[in-house]
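Engineer: Mind looking over this structure? Questions follow.
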Amino acid sequence: MLATPGRLFVVVAGLTLAFRFWLASAFPISGDEAYFIWWGKVPDWGFYDHPPLIGWWLAALLAVSDAEWWLRLPQVLQPLLLALTVRWIWPRLWPDQRDSRDWVALLVLLAPVNVWNVFVTTDTALVYCAVLSGLAWLRATQDDSPRWYLVAGLFLAGAVLAKYFAALLGFAYLVDVLLRRTRGAWRGLLIAYACCVPALLLMGWWNSGHCWTNYLFNFVNRHDRGNTGLNPATPLLYPAMLLYILTPPVMWTLFRRPLPRADGASDRTLLVLAAVPLMLFALLSLAKTIGLHWVLSFVPFALLLAARRLTPRGLQKLAVFFLGFAALHIALALAAARLPLETWRTLGFYPGVVLTFESRELVERAAPGDTLLVSDGYSNAVTLGYNLRRYLPVLGPGSGKARHDDILTDWRAHDGRDITVLRKTAPQEGEYTLWFRSVTIDSFEHRGVRFWVVRGEGFDYPRYRDTVLAEVRRRYYAVPDWLPLAGCYFCERYFPEDKCTR
């Protein structure tokens, strides 16, 4: 082993950074990433699914380049930057463990998801803001410093502008203050919450003029598709996911000793920051599948909490386990990259892999000519669009997720056009005949996957409006009467005679 943990941290940081740069360059942009990249290409004060920060973030990056590694750069650097921040603040929070800062930083650097996650999501910005806010809040608890509460509040505001899960962190602050019950803590909570007011006002203003899409997507539409109620499987999936994200040794450490060794304010606050959000996700898992990326903002706090419960020797052993687990991830990724694409042919997601890796080849074979090229799904459309460097609309009803295409595409402008649809699945009989003067359907095989090409001549916008768009309005744009509605692009564009209200 290297002479000091500090040197070990430097070497491991360099190796893992090089690995993530390789991942970011070697793997093509996925559908989720491409979806947010198009937000950056057409920046606004808000977007269909989430608050606007990731769109602004990508707009700044796109001003320089649209290369994969560049757009993923904030995520590539994130584990290292957060680990360095933890390494700096750890001895200031817990001087009794000053000598352990390099080991603790290694835990953050080598958390399983941090090893390989280079992909752009709304959680990229959320993790930065939430973790930095939480660390500033921990520092503020030492002396109720208004300056540190202000820092925590500013980053909390950034988290609010990144994703609505920031509310879990804000709620954890409230729980912490209720437990501490000091005048300085209440003042700090007021400072932090006040920082979020401009962000909340901005989001309310934008949503009121854009059909309240954030509210409808996050709190109405995604829960109206028959997936509500208790689910016997999801409560089991959540702890299994935590076992991977935190690793079994960390989970054992957290549950073996229910309270931190010390009972100072920072220890109690750390327990709240780690436990409250993860427990709320546990309650939500009774009815919903908890996404792996949902919990990433709170993983560093759980790792710090585990570190506080370990002896120096135990902390070193845990860091060594993380090193071995990270090496396993890297070895598997390097081995998988050497396999031919057809290796994954028997898996259900293989058609999507082919479309992602072979977008240009597929479009060349589809030979759209001068027609408008579109897709039948949002992920396919944005993936093809990123690789072609031009936007592809989505023809058809689509899904309840990722409907930002409703903002970007005006179907009135395509009335009478010839349109080509590239699909991964066979179209249903008569699916397109109502919308075109004539329709022809072809298919071809590429890399062992059959793709379908629908060529429609003479797009009939009025009929498309009365069938597809009318149903879309009913399902996804029924704004409750109690919300103040200043404007709705969808109804104003296609149904100016009606209001988008329930």
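Engineer: Among 20, 309, what is the fewest-to-most ranking by other Cβ atoms within 10 Å?
Structural biologist: In order of increasing Cβ crowding within 10 Å: 309, 20.
Engineer: Indicate, rounded to the nearest 5 percent, the antiparallel portion of the DSSP beta bridges found entirely in the chain.
Structural biologist: Percentage antiparallel, nearest 5: 70.
Engineer: Using alpha carbons only, how many degrees (0 to 90, rounded to 10) separate the axis of helix 183-208 from the longest principal axis of the chain?
Structural biologist: 10 degrees
Engineer: Go through the chain and flag any cysteine with no other cysteine's C-beta closer than 4.7 Å, please.
Structural biologist: So, 129, 195, 196.
Engineer: Assigning unit charges at the beta carbon (Lys, Arg +1; Asp, Glu -1) and nothing else, what dipole magnitude in debye, to the nearest 20, does the range 350-474 show about its Cα centre?
Structural biologist: Working: 18 positive and 18 negative charges, 66 e Å.
Around 320 debye, computed over the range 350-474.
Engineer: At a Förster radius of 25 Å, what calculated FRET efficiency corresponds to the Cβ-Cβ distance of residue 200 and residue 460, to the nearest 0.05?
Structural biologist: Efficiency, rounded to the nearest 0.05: 0.05.
Engineer: Separate question: Want the number for residue 220 to residue 147: 0.36 nm per residue separation, take away the alpha-carbon distance, what's left?
Structural biologist: 22.4 nm is the gain from fully extending residue 220 to residue 147.
Engineer: Taking 0.36 nm per residue of sequence separation and subtracting the Cα-Cα distance, how much length would be gained by fully extending the chain between residue 474 and residue 444, in nm to one decimal?
Structural biologist: 7.2 nm
Engineer: Give me the distance in nm between label points sitting 7 Å out from Cα along the Cα-to-Cβ direction at residue 364 and residue 45, one decimal.
Structural biologist: The answer from the label model is 4.5 nm.
Engineer: Another question, if that's okay. Along the charge dipole of the chain, pointing to its positive end and built from +1/-1 on Cβ of Lys, Arg, Asp and Glu, which listed residue (329, 188, 37) has its Cα farthest out?
Structural biologist: About the Cα centre, the residue reaching furthest to the positive side is 188.
Engineer: Oh, and also: Can you find, among 8, 315, 371, the residue farthest towards the positive end of the dipole of the chain? Put +1 on the C-beta of Lys and Arg, -1 on that of Asp and Glu.
Structural biologist: Working it through, the farthest residue towards the positive pole turns out to be 315.
Engineer: Modelled label-to-label distance, residue 311 and residue 231, 7 Å Cα→beta-carbon offset: nm?
Structural biologist: Calculated label separation equals 4.3 nm.
Engineer: Could you tell me which of 407, 496, 255 has its Cα farthest along the dipole of the chain towards the positive end, charges placed at Cβ (Lys, Arg +1; Asp, Glu -1), taken about the Cα centre?
Structural biologist: 255
Engineer: Hey, what does the equivalent ellipsoid look like for the range 350-474, semi-axes from the Cα gyration tensor as sqrt of 5 times each eigenvalue, largest first, whole Å?
Structural biologist: Values: eigenvalues 100, 53, 36 Å².
The equivalent ellipsoid of the range 350-474 has semi-axes of 22, 16, 14 Å.
Engineer: By how many degrees, between 0 and 90 and to the nearest 10, does the Cα long axis of helix 101-110 differ from the longest principal axis of the chain?
Structural biologist: Relative to the chain, helix 101-110 is tipped by roughly 20 degrees.
Engineer: To the nearest 10 degrees, how steep is helix 146-160 against the longest Cα principal axis of the chain, on a 0 to 90 scale?
Structural biologist: 20 degrees
Engineer: Now a separate question. Send over the per residue convex hull volume for the chain, Cα only, as a whole number of Å³. Intermediate results must be reported in sequence, preceding the final value.
Structural biologist: Values: hull volume 79.9 nm³, N = 502.
About 159 Å³ per residue, rounded to a whole number.
Engineer: Under unit Cβ charges (Lys, Arg +1; Asp, Glu -1), what dipole magnitude, rounded to 20 debye, does the range 431-487 have relative to its Cα centre?
Structural biologist: Magnitude of the dipole: close to 80 debye.
Engineer: So who's got an amide H within less than 5 Å of the one on residue 44, skipping anything under 5 residues away but keeping other chains? H placed 1.01 Å off N, in plane.
Structural biologist: none
Engineer: Bin width 10 Å, origin at 0, all Cα-Cα pairs of the range 120-259: what percent of pairs per bin?
Structural biologist: 11, 28, 33, 24, 4, 0
Engineer: For the chain, with only Lys/Arg (+1) and Asp/Glu (-1) charged at the beta-carbon, what is the dipole magnitude about the Cα centre, in debye rounded to 20?
Structural biologist: That gives the chain a dipole magnitude of about 1900 debye.
Engineer: What is the distance, in nm, between label points placed 7 Å from the Cα along the Cα-to-Cβ direction at residue 178 and at residue 18?
Structural biologist: 5.0 nm
Engineer: May I pose another question? Mind listing which trypsin sites (Lys or Arg not before Pro) in the range 382-476 are in a DSSP loop and have 10 or fewer other Cβ atoms within 10 Å? It would help to have the intermediate numbers written out before the result.
Structural biologist: Details: sites: 389, 390, 401, 403, 412, 417, 423, 424, 437, 447, 450, 455, 463, 465, 473, 474, 475; in loops: 389, 390, 401, 403, 417, 424, 447.
Hits after loop and neighbour filter: 389, 390.
Engineer: If you don't mind, there's one more thing I want to ask. Let me have the 222 nm mean residue ellipticity of the chain computed from DSSP H runs of 4+ only, each contributing -39500 (n - 2.57), with the sum over all residues rounded to the nearest 500.
Structural biologist: Working: 23 runs with 284 residues, N = 502.
When only DSSP H runs of four or more count, the value is -17500 deg cm²/dmol.
Engineer: Check cross-link reach from residue 163 to the lysines: straight Cα distance under 27 Å, and skip same-chain residues fewer than eight apart.
Structural biologist: 41, 288, 401
A short reminder: the numbers here are calculations on the coordinates, not readings from a lab. This structure is a prediction, so every number in the text was calculated from the model and none was measured. All Cβ positions, glycine included, derive from the backbone under ideal geometry; neighbour counts span all protein chains shown.
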